[in-house]
Amino acid sequence: MTKTYPKASRPSLDNVSVSIEKGEFVFFIGPSGSGKSTIIKMLLHEVTPNKGRVVVNGKDVTSMRSWKRPHFRRSIGCVFQDFRLLPNRTAYENVAFALEVIGKTKAVARRVVPEVLELVGLGGKEHRYPHELSGGEQQRVAVARAFVNRPLILLADEPTGNLDPDTSIEIMRLLDRINRTGTTVVMVTHDSNIVNQMRRRVVEIESGRIVRDQHRGVYG
Amino acid sequence: MRMKYVLSEVLVGLWRNVTMTIAMIITMAVSLFMLGGSGLLYQKVGDMKDLYYENVEVSIFLKTDVSEQQRTDLDSKLKGDPLVKEVTYVNKDEAYNRFKQMYADAPDLVNAVKPDQLPESFRLKLKNPEQYKNIYDQYKDTEGVDEIVDQSKLLDKVFGVLTGIQNFALAIAIVMAVAALLLVANTIQVAAYSKRREVAVMKLVGASNWFIQAPFVLEAVVAGLFGSILGLLALIGVKLVAGGGSLAALEGLITPISWSEILLTFPLMAAVGGLVSAVTAWVTLRFYLRV
């Protein structure tokens with residue numbers, strides 16, 4: 001597929017074709033501006049390609065009407081570099097909010113949220129506010145929020161970008177554990193340490209083109 | 001739980017920006033008050049037109065030297081005219097009697113006038129009072145006719161004033177509505193900005209569009225409804241004040257506005273207030289939130 005942003009001199013993604021299997025763990029690497037984030041946006045149906053198709057979970061996202069987007073998003077979890085937590089809500093409330101706004105009852109939240117917070121290693125810190133948590137812990141809350149709805153796919157856009165190396169590795173262990181539950185994990189990063197340690201599939205993008213697609217790859 | 005969430009969001013939203021909310025409600029109230037008032041006036045003018053025009057007459061005054069032949073010709077012509085509902089002939093004596101009645105409190109004037117000096121006339125009721133012009137054109141040159149007078153011309157002036165007041169009220173209603181509209185748009189933008197983090201998360205995790213928008217739209221609708229209630233109270237206040245005071249003198253001329261008529265304008269005001277707010281909020285959100 002190809003995506004050209006208006007006013008851009010060259011396409012952000014130029015004739016890129018990638019296929020990701022269910023349950024895979026894929027790194028997208030490449031320098032800033034190479035088009036990695038555009039891929040995430042396309043998977044989220046935030047932007048649509050000018051040419052080509054994006055198929056997620058067997059559904060053609062390209063032709064999806066925008067009113068169907070909310071429901072589609074429920075099958076995808078998202079984690080970002082800046083955590084995007086609500087500052088006036090506790091860890092528990094942040095995760096529960098994600099459930100409640102898609103129509104789950106408080107009873108469901110009471111059952112599921114402690115479970116998922118335990119899974120990400122935040123047992124006992126449910127009632128802390130984001131500013132009372134470390135960066136790594138905040139990112140764990142964000143992962144818990146992304147995963148609480150048991151999505152088929154977890155998108156992570158530079159999730160370790162704001163974290164120190166040790167904390168980054170802990171977050172990666174967490175993502176790895178989530179991947180083992182059968183969730184497909186797509187992660188955009190330029191953290192070479194992490195890529196080299198994980199030894200997973202690596203897709204390298206440069207100037208909108210795929211220059212490498214390697215199983216059990218390294219940062220190169 | 002979802003309904004409860006939405007409602008609590010609405011209240012929190014209105015309270016968070018309470019000065020803006022008050023401004024929004026007041027402008028809305030003034031606009032709807034003017035709209036309601038203009039609606040009532042429109043109704044009244046309609047009622048009064050029916051009442052007055054029903055009784056309005058066109059008088060064809062005859063020349064003093066009119067001949068017997070001319071008079072009977074005119075009489076039969078008028079009786080055969082499809083525009084005319086009813087013809088009454090008023091001879092000099094009857095005219096004098098009417099004159100005496102009319103100026104009973106000015107005996108000098110009555111004494112100075114002799115029955116002979118008053119013209120004979122035909123009094124016509126028209127099927128449609130607005131067709132006066134046709135009658136006038138048709139008979140003004142008939143022999144023996146001196147002058148044709150239409151009472152409805154006077155009424156037209158009265159109604160012209162009333163319609164003017166009504167249009168003025170409507171114009172103010174529209175201007176205030178524009179101000180209210182802009183305030184709603186602004187309030188919604190501020191509200192959406194102060195909740196941008198929540199909205200971003202909601203979009204991310206796939207909350208439905210209506211669920212994201214509902215609190216904002218309802219916030220505007222609640223303000224609109226409050227505005228319409230205030231507008232209704234203002235109308236009631238005007239009736240209370242005017243009923244006992246200055247406008248009571250006009251009671252005979254203007255048919256009084258009943259309580260039920262005032263209360264019946266409320267659904268109109270509430271519907272306009274609520275709907276305009278809702279649509280404005282929704283359009284604002286479409287530009288501002290892009291959900």
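Key figures
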read-out	value
Exercise: per-residue mean of other protein chain Cβ atoms within 10 Å, A:73-83	2
Largest to smallest principal axis extent of the C-alpha atoms in the range B:57-150, angstrom	41, 28, 17
Fraction of alpha-carbon pairs over 21 Å apart in the range B:12-85 - percent	64
In sequence order, calculated HN-Hα J values of the range A:131-140 (Karplus, 6.51, -1.76, 1.60; Hz; x Gly/Pro)	6, 8, 10, 6, x, x, 5, 4, 5, 5
Built amide H within the under 5 Å cut-off of residue A:217, gap 5+	A:200, A:201, A:202
Rg/Rh ratio calculated on Cα atoms of chain A (Kirkwood radius)	0.97
The protein assembly as shown, Rg to Rh (Cα coordinates; Rh as Kirkwood inverse mean 1/r)	1.33
Per-residue HN-Hα couplings for the range B:222-234 [Karplus 6.51, -1.76, 1.60; θ = phi - 60°; Hz; x = Gly/Pro]	4, 4, x, 5, 4, x, 5, 5, 4, x, 4, 4, 5
Using θ = phi - 60° and Karplus 6.51 cos²θ - 1.76 cosθ + 1.60, couplings along the range B:23-30 (whole Hz; Gly, Pro as x)	4, 4, 5, 5, 4, 4, 5, 4
q = 0.13, 0.18 Å⁻¹, the range A:41-166: log10 I(q)/I(0) [Debye, one scatterer per Cα]	-0.57, -0.97
Overall Cα dimensions of the range A:50-116, principal axis frame, Å, largest first	43, 27, 20
Largest-first ellipsoid semi-axes for the range A:30-71, taking √(5λ) over the Cα gyration tensor eigenvalues, angstrom	20, 11, 9
Low-density loop cleavage sites - GluC sites (Glu not before Pro) in the range A:1-102, where at most 12 other Cβ are within 10 Å (DSSP)	A:21
Over chain B: helical MRE at 222 nm, DSSP H runs n ≥ 4 each giving -39500 (n - 2.57), nearest 500	-25000 deg cm²/dmol
Cα-based convex hull volume of the range A:84-150 per residue, rounded to whole Å³	74
Cα-based shape type of the range B:1-53, given that a ≥ b ≥ c are square roots of the gyration tensor eigenvalues and the cut on a/c is 1.5	oblate
The range B:121-222 - Rg over Rh from alpha carbon coordinates, Kirkwood radius	1.52
Value of [θ]222 nm, deg cm²/dmol, for chain A, DSSP H segments ≥ 4, -39500 (n - 2.57) each, nearest 500	-10000 deg cm²/dmol
Under 5 Å, built H, 5+ apart or other chain: amide partners of residue A:81	A:157
With at most 16 other Cβ atoms within 10 Å, longest stretch of chain B clear of loop trypsin sites (Lys or Arg not before Pro) (DSSP)	B:141-289
Under 5 Å, built H, 5+ apart or other chain: amide partners of residue B:126	B:58, B:85
Taking the convex hull of Cα positions in the range B:132-291, its mean projected area over all directions (nm²)	14.9
Bridge type composition, chain A - antiparallel percent by DSSP, nearest 5	35
Hull volume in cubic angstrom per residue (convex hull over the Cα atoms of chain B)	176
Value of D in µm² per second that Stokes-Einstein yields for the range A:127-220, Kirkwood Rh from Cα pairs, at 10 °C (1.306 mPa s)	112
Shielding score for A:101-112, defined as the mean number of other chain Cβ atoms within 10 Å	3
Proportion of all alpha-carbon pairs of the range A:117-173 beyond 12 Å (%)	67
Reduced Cα scattering model of the range A:168-220, Debye log10 I(q)/I(0), q = 0.23, 0.29, 0.30 Å⁻¹	-0.94, -1.27, -1.31
Cβ neighbours within 10 Å from other chains - mean over B:205-216	5
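Readers should treat all values here as calculations from the given coordinates under stated rules, not as data from a laboratory. Computed from a prediction, not measured in an experiment: that's the story for all the values here. Cβ coordinates were reconstructed from backbone atoms using ideal geometry, including for glycine residues, and neighbour counts include every protein chain displayed.
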